[in-house]
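Notes follow once the structure below has been shown.
The values are calculated or read from the model by the stated rules, or taken from the named source; none is laboratory data. Here the structure is a predicted model, which means the values were calculated and not measured. Note that we place each Cβ from the backbone using ideal geometry, even for glycine, and neighbour counts take in every protein chain shown.
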Amino acid sequence: MNVRLTPADLKMRPSAVPQQRTCRLVTLGCKVNQYETQLVREALSHSGYREADDDEAADLCIVNTCTVTNTGDSKSRQVIRRLARDNPGTKTIVMGCYATRDPQAVSDLPNVIEVVTDKRELPDVLSRFGIVDMPAGISEFEGRRRAFVKIQDGCILKCSYCIIPTVRPGLRSRRPRAIEDEVRRLIDNGYREIVISGVHVGHYGIDTNHLTAGEQPERLWHLFRRLDRIPGDWRMRLSSIETVEIHDDFIKAAADCEHLCPQFHPALQSGSDTVLQRMRRRYRVDRFLQRLEQIREQLGGDPAFTTDIITGFPGETDEEFQQTLDACRAARFMKVHVFPFSRRDGTPAADFPNQVPAAVIRNRVEILSDLERELAQQYYQRKIAAAAEHVVLVERCSADRPGYVKGTDQWYIPVELPGTEADAGQFIRCRGLSASRESVIAETLPFVASSMGQ
């Protein structure tokens with residue numbers, strides 16, 4: 001017997017199609033964390049989840065935490081509490097370095113049902129929520145014009161201020177072919193810039209446990225050459241490198257690879273040899289500067305160097321601070337990321353004597369920030385004076401200049417130039433006209449097909 005259902009019956013009857021599960025992902029910290037979150041995002045998507053809208057409660061929340069400073073711990077806790085407040089009844093999975101360092105504190109936070117202390121356990125944890133299709137690599141990078149590609153994990157250095165070697169796994173390099181396949185996939189999906197990332201990228205290839213039978217070990221410079229053979233209008237950028245890992249093979253590969261951006265980020269941390277000793281860094285300032293000059297000589301074209309500086313390290317005297325200022329000028333950095341020393345519980349430096357007063361640290365941060373702006377302006381002006389050709393990856397419309405767009409060039413210079421929203425994600429060739437406080441103002445050049453335009 002057939003039964004006719006009225007509209008009212010249909011309205012009351014549960015849908016035969018199950019409601020799609022929703023998720024929310026939050027990332028704190030470094031490029032590696034952002035990459036790992038993207039990997040989870042794609043696994044969730046493959047398993048039928050969609051990301052919740054801003055005004056919608058999520059069924060599942062995943063937080064990728066940071067513990068590089070005490071502030072990172074605090075921000076991680078704040079995010080987890082906020083998610084519990086805004087997503088009542090949600091289930092929260094917490095991963096990342098803070099979860100590894102203090103799993104008990106994390107598990108005590110509201111709505112936390114899983115704490116992942118070892119990233120290798122993540123697939124098993126996700127499988128308990130029906131997420132079984134963990135991809136081997138990523139295919140896109142949500143919300144970004146450039147894609148980060150993680151090539152390795154772990155660090156064997158033990159800098160006295162750093163907690164990371166104790167909360168990341170042992171050295172683990174990805175297989176070269178897997179990296180190449182991922183980069184090809186991202187390029188095919190429209191990404192023009194690939195950022196080579198890792199916890200310590202200079203360690204790439206030191207370990208061999210990632211290799212299968214018959215595979216030969218590859219170091220970072222081998223990987224450059226492998227990826228450089230991928231055709232197309234794209235470029236790769238190295239996220240960071242230690243100067244002790246910059247040697248002849250590295251420099252030769254950097255000079256030969258047309259897709260590699262002529263911008264490098266060796267972390268100086270301090271311009272004082274005595275401070276570097278207390279930091280347990282593995283170089284002297286004069287050797288650091290020599291390496292930069294070797295790269296300049298081999299590559300030509302005034303490559304850009306950016307760096308990190310920690311000021312206010314325990315025992316840092318006025319003389320040692322002045323040595324840092326002098327070293328920054330001698331290095332001719334294009335950009336300096338300035339960090340006030342932050343006592344990281346669990347590191348040797350947290351217990352060092354002669355902790356520098358907070359007011360002194362704040363003053364030194366201001367002085368370094370002023371120097372950073374001065375050095376950036378000098379670098380911008382050198383490019384303008386040389387009539388250098390900038391190849392800009394357009395990211396967004398300029399908020400300050402109607403009819404202009406903003407992006408970064410091959411030297412990582414922020415550039416504003418005429419354009420529209422339709423240019424986002426594309427390369428535009430241009431020449432600098434002037435420099436503002438924060439960027440180069442440029443005019444576009446006639447289109448000429450090129451690989452990356454160093």
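Being of a type in the set (Ser, Thr, Tyr), within 24 Å of residue 303 (Cβ to Cβ) and touching a Ser or Thr at 6+ places or on another chain (Cβ under 9 Å) is the requirement here; does residue 404 meet it? In short, no.
Quick one: count up the residues across the stretch 388-404 that are closer than 19 Å to residue 192 by Cβ and modelled with pLDDT under 95.
Matching residues across the stretch 388-404 total 0.
Of the candidates 190, 198, the single residue that is within 21 Å of the chain's Cα centre (by Cα), surrounded by fewer than 18 Cβ atoms within 10 Å (Cβ to Cβ) and within 26 Å of residue 393 (Cα to Cα) is 190.
You will find that of 208, 166, 212, the residue that is of a type in the set (S, T, N, Q), under 30 Å from residue 314 (Cβ atoms) and assigned by TED's automatic domain parsing to the domain that holds residue 346 is 166 and no other.
Would the stretch 368-378 turn up any residue that is part of a helix (DSSP H, G or I), hydrophobic (A, V, I, L, M, F, W, C) and more than 25 Å from the chain's Cα centre (by Cα)? Within the stretch 368-378, none of the residues are part of a helix (DSSP H, G or I), hydrophobic (A, V, I, L, M, F, W, C) and more than 25 Å from the chain's Cα centre (by Cα).
The number of residues in the stretch 379-396 that are of a type in the set (Gly, Ala, Ser) and part of a helix (DSSP H, G or I) comes to 1. Cβ-Cβ below 7 Å, separation at least six or inter-chain, first residue in the stretch 429-454 and outside the structural domain of residue 369 (by TED's automatic domain parsing), second small (Gly, Ala, Ser) and at pLDDT below 70: which pairs? Correct list of pairs: 429/453.
Only residues that are farther than 28 Å from residue 352 by Cα and of a type in the set (S, T, N, Q) were counted across the stretch 262-300, and they come to 4.
Of the helices (runs of 4 or more DSSP H) lying entirely inside the stretch 243-310, those containing at least 2 residues that are small (Gly, Ala, Ser) and either modelled with pLDDT under 95 or under 24 Å from the mean Cα position of the chain (by Cα) (or both) span 248-256.
For the stretch 351-367, the set of residues classified as in a helix (DSSP H, G or I), surrounded by 17 or more Cβ atoms within 10 Å (Cβ to Cβ) and not charged (D, E, K, R) consists of 361, 365, listed by residue number.
Going through (1) within 26 Å of residue 297 (Cβ to Cβ); (2) out of contact with any Phe, Trp or Tyr (no Cβ under 6 Å at 6 or more places or on another chain) one by one, residue 215 falls short only on (1). In the set (1) without any contact (Cβ under 8 Å) to a residue 60 or more places away in the chain; (2) closer than 22 Å to residue 146 by Cβ; (3) within 21 Å of the chain's Cα centre (by Cα); (4) not in a strand (DSSP E or B), residue 399 fails one condition alone, (3). From the list 446, 402, 353, the one residue that fits, being under 25 Å from residue 281 (Cβ atoms), of a type outside the set (Asp, Glu) and out of contact with any Cys (no Cβ under 9 Å at 6 or more places or on another chain), is 353. With respect to the stated conditions, residue 423 fails to be of a type in the set (D, E, K, R) and either surrounded by fewer than 16 Cβ atoms within 10 Å (Cβ to Cβ) or within 20 Å of residue 269 (Cα to Cα) (or both). Here residue 209 passes the criteria (1) modelled with pLDDT of 95 or more; (2) over 27 Å from residue 335 (Cβ atoms); (3) not in a helix (DSSP H, G or I) except the one numbered (1). Any idea which residue in the stretch 402-415 is farthest from the chain's Cα centre (by Cα), counting only those that are farther than 25 Å from residue 308 by Cα and surrounded by 14 or more Cβ atoms within 10 Å (Cβ to Cβ)? The qualifying residue farthest from the chain's Cα centre (by Cα) is 404. Only one residue in 63, 79 is in contact with a helix residue (DSSP H, G or I) (Cβ under 8 Å, 6 or more places away or on another chain), under 30 Å from residue 238 (Cβ atoms) and not charged (D, E, K, R), so which one is that? Sole residue among the options that is in contact with a helix residue (DSSP H, G or I) (Cβ under 8 Å, 6 or more places away or on another chain), under 30 Å from residue 238 (Cβ atoms) and not charged (D, E, K, R): 63. Scanning the stretch 311-349 for residues that are aliphatic (A, V, I, L, M) and either modelled with pLDDT under 95 or in contact with a helix residue (DSSP H, G or I) (Cβ under 7 Å, 6 or more places away or on another chain) (or both) yields 325, 327, 330, 331, 334, 336, 338.
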